[in-house]
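Worksheet: the structure to be examined is printed underneath.
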Amino acid sequence: MLKWILTLVVAIFLLGIITPHLARFIRFGQLPGDFSFRWRGRRYMFPLATTIIFSALLWLIAKVI
């Protein structure tokens with residue numbers, strides 16, 4: 001159990017480091033199905049298409065493993 005928790009923490013840590021750098025190249029959150037708007041000086045984002053694509057990729061990876 002402890003190994004799984006440690007693996008999960010390390011994976012989340014690495015994703016947190018890698019994702020901002022990948023975002024410049026892959027343009028996360030800027031797909032046609034992603035919504036973004038400004039209201040009272042703040043920017044709100046709803047990345048629906050990105051979430052669906054990531055879910056599908058994770059599902060495929062889980063099926064392969």
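The values are calculated or read from the model by the stated rules, or taken from the named source; none is laboratory data. As the structure is a prediction and not an experimental result, all values here were calculated from the model. All Cβ positions, even for glycine, are placed from backbone atoms using ideal geometry, and neighbour counts span all protein chains on display.
Being touching a strand residue (DSSP E or B) at 6+ places or on another chain (Cβ under 9 Å) and among the hydrophobic types (A, V, I, L, M, F, W, C) narrows it down to one of F46, F13, F25, so name that one.
Matching residue, one of F46, F13, F25: F46.
Of the residues F25, F46, F13, only one is of a type outside the set (V, I, T) and not in a helix (DSSP H, G or I); which?
The conditions single out F46.
Listed residues I53, I18; which is at pLDDT 85 or above and part of a helix (DSSP H, G or I)?
From the options I53, I18, the qualifying one is I53.
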